[in-house]
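Taking it in order: structure first as structure tokens, then the write-up.
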Amino acid sequence: MDKTKSDKLIFTCFIQARMNSSRLPNKVLKPILKKTVLETVVERVKKSRYLNKVIVLTSTSKKDDEIFNFCKQNFLECFRGEEDNVLLRFYSASLIYKSDYYIRINADCPFIDWNLIDLAIEIAFKNKIYDYISTILSNSFPTGQHIELFKSLTLHTANKFATNPLEREHVTPYIYNNKDKFKIYPMVSDINESSLRLTIDYPEDLVMCRELMKKSSNDIPSFNEIKNILKRYPEIKLINSSFTKSQFININNQIAN
């Protein structure tokens with residue numbers, strides 16, 4: 001697949017960002033070294049070969065004015081919508097940013113692998129039957145490699161029929177919990193790397209991220225370089241190793257019940 005072929009379909013990335021995290025407030029605008037977490041995520045996502053647009057999605061809450069202003073100052077496209085009804089925020093953004101497919105990325109994943117984004121796009125391009133393609137269902141990727149790709153129609157259907165508040169807050173559970181309605185492709189890593197924690201939820205995560213980046217040869221290291229650093233310096237991985245994926249599992253269980 002090359003860019004010329006992918007141009008026949010439009011792939012838009014929505015980066016979901018907020019300031020009011022209960023565990024680490026204002027985390028997306030905290031500095032790693034020279035760049036903020038959000039800025040790092042945007043730059044990594046923009047290294048995708050196939051994405052047509054990258055938009056930051058935040059809320060209309062006054063708390064998120066800082067994200068909007070940061071985007072404006074750094075010439076990043078930003079859409080503002082519902083604070084708690086994030087599914088509606090995505091749907092409303094899709095009415096402005098028309099696309100065949102949308103990719104959902106969280107703004108607290110500063111090591112997101114752009115090659116993994118491209119792999120999801122390649123799967124969608126080659127297998128147009130799939131409504132939803134994701135790394136989050138197999139539990140084989142590191143925490144922080146959360147990539148979800150879905151058709152525009154799939155997003156619109158979820159917005160129309162999802163009623164559970166958790167489904168609306170977390171955007172995609174209605175899709176992946178309704179396998180009879182949607183054709184779903186769970187991406188699986190060749191190597192189980194689920195023990196790696198590469199997201200920012202707690203202060204320890206930010207410390208780990210900064211220590212890792214101090215060992216990097218550049219501001220935007222490849223995912224292979226990130227893994228090699230952690231192999232060479234296993235003490236860095238230990239900084240936030242006490243935290244698990246249990247929160248994501250609990251969310252799914254609450255929705256299923």
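The values are calculated or read from the model by the stated rules, or taken from the named source; none is laboratory data. Remember, predicted model here, so these are calculated numbers, not experimental data. In this analysis, Cβ positions are derived from the backbone assuming ideal geometry, glycine residues included, and neighbour counts consider all displayed protein chains.
Take the stretch 1-42 and flag every residue that is within 28 Å of LEU153 (Cα to Cα), of a type in the set (D, E, K, R) and either at pLDDT 95 or above or part of a helix (DSSP H, G or I) (or both). Correct list: LYS3, LYS5, ARG18. GLY81 falls short on exactly one of the conditions (1) under 25 Å from CYS209 (Cβ atoms); (2) modelled with pLDDT of 95 or more; (3) not aromatic (Phe, Trp, Tyr), and that condition is (1). Those strands (runs of 3 or more DSSP E) of the stretch 129-196 in which at least 1 residues are hydroxyl-bearing (Ser, Thr, Tyr) and closer than 15 Å to ILE103 by Cβ, considering only elements entirely within it, cover 132-134, 184-186.
Within the stretch 148-176, if we keep just the residues that are aliphatic (A, V, I, L, M) and touching a residue at least 24 places away in the same chain (Cβ under 8 Å), the residue that is surrounded by the fewest Cβ atoms within 10 Å (Cβ to Cβ) turns out to be LEU166. Only one of the listed residues (ASN52, ASN69) is free of Cβ contacts under 8 Å to residues at least 12 places away in the same chain, surrounded by fewer than 18 Cβ atoms within 10 Å (Cβ to Cβ) and of a type outside the set (Lys, Arg). That residue is ASN69.
Of the residues making up the stretch 76-108, those that are within 21 Å of ILE10 (Cβ to Cβ) and not small (Gly, Ala, Ser) number 18. Just one residue in the set TYR50, TYR102, TYR91 is more than 30 Å from GLU204 (Cβ to Cβ), hydroxyl-bearing (Ser, Thr, Tyr) and in a strand (DSSP E or B); that residue is TYR102. Taking the criterion of being in contact with a Ser or Thr (Cβ under 6 Å, 6 or more places away or on another chain), over 20 Å from LEU38 (Cα atoms), surrounded by fewer than 20 Cβ atoms within 10 Å (Cβ to Cβ) and small (Gly, Ala, Ser), would at least one residue in the stretch 98-112 satisfy it? No; the residues of the stretch 98-112 include none that is in contact with a Ser or Thr (Cβ under 6 Å, 6 or more places away or on another chain), over 20 Å from LEU38 (Cα atoms), surrounded by fewer than 20 Cβ atoms within 10 Å (Cβ to Cβ) and small (Gly, Ala, Ser). Can you say whether ASP64 is part of a loop (DSSP other than H, G, I, E, B) and either in contact with a Gly (Cβ under 9 Å, 6 or more places away or on another chain) or in contact (Cβ under 8 Å) with a residue 24 or more places away in the chain (or both), as far as the supplied structure shows? In short, no. Of all residues in the stretch 177-195, those satisfying the criterion of being crowded, with 17+ Cβ neighbours inside 10 Å and in contact with a Ser or Thr (Cβ under 7 Å, 6 or more places away or on another chain) are PHE182, MET187.
Comparison of LEU155, LEU149, LEU116 shows that the only residue that is of a type in the set (A, V, I, L, M, F, W, C), more than 30 Å from LEU212 (Cα to Cα) and at pLDDT 95 or above is LEU155.
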